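Single-structure report; data block below.
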Amino acid sequence: MKKGRNDVGVQKARTADLLEDIMLDRRNFLFGTAAIAAGATLGAWVPQARAEVGGNLEIMAWEGYTLEKETEAWRKQHNMGVRAAIMSTQDDVTAKIVGDNAVRLDLAEYSNGYNAIYKELEVLKPVDVSNVPNYNKDDIYPPFYQGDMWYWDGTQWAIPWAWGLDTIVVNPELAGVEVKSYTDLLKPELTGKLAFLDNPLTVWPQIAKVTGYGEKFPNLTKDELADCFEKLKPYRDQTKVFASSNGDVISLFASGEIAACFCVWSAVPLETAKQNVKTVAVYPTEGGAVWADAWFIPKTSENIESAYAYVNQALEPEVQASVCKTAVCSTVSRKAPALMDETTRALFDYDNFDEQFKKMKIYGQPPRTSEQYATYDDWLQVWADFRQGF
Amino acid sequence: MAMATTTDYIESAKKVRRPLPWPFAAPKGFGLAALPLAFLLFFFVLPVIILFVTSFFTARSFVIEPVWNIQNYVKILWAAGFWQATWVGLKNGVFTAFFSVVLSFPVAYYLVYRARTNVILYLVLLSWFSSYLVRVYAWRTILGTNGVINSFLLSTGIIDKPLEIILFSPFASVITLIHIMLPFALLILVSAMRDVKKEYLEAARDLGASGPAVLYKVILPMTYKGIVGSFMFSFILAAGDYVTPQLLGGREGVTSGLLIANQFRSSGNWPLGSAMAFVMMATFIIVYIVFVQILRLARVAPGRRYHG
């Protein structure tokens, strides 16, 4: 008797059939695994046609500057995933994009001064600004629109998007003296209470300023370089320690080890305040040191459309205001200050931007190779010698 | 039972496989070591050879130019800063290795000959469960101006103002490095001492040797390799370290390790960095030779003890 479809016997038979269906014979198993293996390995070699924004974006940026939180909703809308690697120094980016072993990086940041070396190494892709509509003359503060760190030979190579100041930070209680200029750091009250930050990007230009070579930096001859560090020796006599990072400086202030730092992140007081230690950022008569970060598209980039869209998103006023708050930096967008809270907005006098910025200068770096001037390597050597007391 | 004839013997001898002559023959059990050996050859020996060749090249802005020269070595030879930094590293290494071995030797003795459990060993190894940087910062807290030691000395009236010299000094670097290296030194010594059977010590005592004589004439010569290994292991790691001296060594905390790292990372001058690394390696080899000679002069090297 043929049983109906709802009979228990049929149900059992169907279960057995299903099991049989999903059981693979050896040939199917081999075909299947071969297909999976081929898909997994060959898939990576097949060129990806990516005309639209989306997919995976490989980026490398400073901690706090990856925009994962700020762009979350926008990325979801475009089905875009971001894999962000954190750089601890600019050299981390360089190591990835230079040489025979360069790896894919869709978007990365460079600090001011690295334009020269990246230009020489030919690792930058030209930026088509029509793909970054938020980067326009009306919306961007003038120093950051087509400045020579990001625009040369009639081509845009990077998009500056965040900047800030490094300056003297003092713990007034421990210092016991008022600090208004760099020469105040030489007062006896501060002997053995000063720290230097090991950050060539902002510390070297300040050293040049303090020793009278500010106008010439970064192009000093070897004799001028030697003289520069000779004049700096009194500051070494005041020094207790060379700190390895901004975080290290914060820790030193918090534990009461130092009373002043020669040149460090101007937001250090906000961080030490969290540990109940009052410090103040002092803008000396010699001026602070400006740093500026720019997005660039490396030669090893693959998801270029998404890279452009991401940079454009980074320049959205809301995103700019948010980053300035969380990373304690300043904006390049004219529209962002209106969206900032009071504390973030107070980081810079945006109402008098042009006048205030006139006093500042974004410095480059010593040349990597030169017959005429002291090279980056020469600076590194005298900096190490200075630290050792030579 | 039939006696074996000469013919039988010759026939059986023919069946015995003769080992292949060198270099075709591999020692028995070589297969067990083949994989790690291949790993070392490929990931250590080969890169070292490449690095050595690179040290004779030049570099321009992160790009290596294969132009043979000895300029890197000449430059290092005359760089007073490099030798000063190397000297700082060597001092850190020697002090760290010496105190690590001296402090861990009695502990190893206790663990091998006296202890009934391994609790002490586990306690020493427990420090491995915290990260390197955490340990460095912990020492900063202990040695700091407002740290544990200064606070205690101030509260007990022993001092009237904080001792500034204990943090950001070579002392701070060395004490932290000893803390980091001591478990390594201890493990190597325990391993070496376990080869010296308790019966040997008892036999020496039965033959009239005093406690110090057992130590000097039996334990030290028989753990010679362990002592050398323990010392050199601690020395190389401590002398090459640049993070601890930078964070705790104060303004004199620059070691050659930092200069080498700068060449590879900031300057992009791999050839000069490689040359520095090989010069540093040469200084380590000199320290090894000197240390072995000192042990021989002290008559604790086995060759001198057994045949002298």
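Under 4 °C and 1.567 mPa s, how fast does chain B diffuse according to Stokes-Einstein, given a Kirkwood radius computed over C-alpha pairs? Answer in µm²/s, whole number. Display every interim value, and only then the final one.
Details: Rh = 23.7 Å.
Value of D from the Cα-based Kirkwood radius: 55 µm²/s.
Which entries in the list A:LYS187/A:LYS358; A:LYS231/A:LYS274; A:LYS96/A:LYS361; A:LYS69/A:LYS358; A:LYS180/A:LYS231; A:LYS231/A:LYS361 go over 25 Å, if you measure between the two C-alpha atoms of each?
Numbers: A:LYS187/A:LYS358 30 Å; A:LYS231/A:LYS274 36 Å; A:LYS96/A:LYS361 29 Å; A:LYS69/A:LYS358 33 Å; A:LYS180/A:LYS231 19 Å; A:LYS231/A:LYS361 22 Å.
Too far apart for the 25 Å limit: A:LYS187/A:LYS358; A:LYS231/A:LYS274; A:LYS96/A:LYS361; A:LYS69/A:LYS358.
If you put +1 on each Lys and Arg Cβ and -1 on each Asp and Glu Cβ, how big is the dipole of the protein assembly as shown around its Cα centre, in Debye rounded to 20? Each step should come with its number before you reach the end.
Values: 64 positive and 65 negative charges, 761 e Å.
Computed charge dipole of the protein assembly as shown: roughly 3660 debye.
Report, by chain and number, residues whose modeled amide H sits under 5 Å from the one on B:ALA59, excluding near sequence neighbours (fewer than 5 apart, same chain).
Long-range HN contacts for B:ALA59: B:GLU65.
What is the packing order of peptides B:29-41, A:359-371, taking the mean over residues of other C-beta atoms within 10 Å and listing the highest first? List each step's numbers first, then the result.
Details: B:29-41: 10.1, A:359-371: 16.8.
Taking the mean over residues of other Cβ atoms within 10 Å, the ranking is A:359-371, B:29-41.
Taking a ≥ b ≥ c as the square roots of the eigenvalues of the Cα gyration tensor of the range A:87-228, is the shape rounded (a/c under 1.5), prolate (a/b larger than b/c) or oblate?
prolate
Per DSSP H run of at least 4 residues, take -39500 (n - 2.57); add these up for chain B, divide by its residues and hand me the 222 nm value, nearest 500 deg cm²/dmol.
Numbers: 16 runs with 195 residues, N = 308.
Result for chain B: -19500 deg cm²/dmol, rounded to the nearest 500.
What spacing in nm lies between the two simple spin-label points modelled at A:GLN146 and B:TYR132, each 7 Å away from Cα in the Cβ direction?
The modelled label-to-label distance comes out at 4.9 nm.
Over chain B, how many pairs of lysines fall under 16 Å by alpha carbon, counting only those 8 or more apart in sequence or from different chains? Let's see the in-between values first.
Values: B:LYS197/B:LYS217; B:LYS197/B:LYS225; B:LYS198/B:LYS217; B:LYS217/B:LYS225.
Lysine pairs, 8 or more places apart or on different chains, close enough: 4.
Between B:LYS28 and B:LYS225, take the C-beta separation as r, use R0 = 30 Å, and let me know the FRET efficiency to the nearest 0.05.
On the way: r = 23 Å, r/R0 = 0.78.
Computed FRET efficiency for B:LYS28 and B:LYS225 comes out at 0.80.
When ranked by the protection proxy of mean other Cβ atoms within 10 Å per residue, highest first, what sequence do the peptides A:276-284, B:81-89 form?
Values: A:276-284: 16.9, B:81-89: 21.1.
Those peptides, ordered most packed to least, come out B:81-89, A:276-284.
What residue among B:PHE43, B:PHE98, B:PHE231 has the largest mean-square fluctuation in a Gaussian network model of chain B, using Cα springs under 10 Å?
Fluctuation is largest for B:PHE43.
List the residues, sorted by chain then number, that are 5 or more residues from A:ALA243 or on another chain and whose placed amide H is less than 5 Å from its amide H.
A:PHE196, A:LEU197, A:ASP198
Taking the Cα centre of chain B as origin, work out the dipole magnitude from +1 charges on Lys and Arg Cβ and -1 charges on Asp and Glu Cβ, in debye rounded to 20. Spell out each step's value before the answer.
Numbers: 25 positive and 11 negative charges, 125 e Å.
Around 600 debye, computed over chain B.
Along the charge dipole of the protein assembly as shown, which of B:LEU167, A:PRO317, A:THR94 sits closest to the positive end, that is, farthest toward it, with unit charges on the beta carbon of Lys, Arg, Asp and Glu (+1, +1, -1, -1)?
The Cα lying farthest towards the positive end belongs to B:LEU167.
Each reported figure results from applying straightforward, stated rules to the coordinates on display, with no laboratory input. Here the structure is a predicted model, which means the values were calculated and not measured. So basically every Cβ, Gly included, is an ideal-geometry build from the backbone, and we count neighbours across all protein chains shown.
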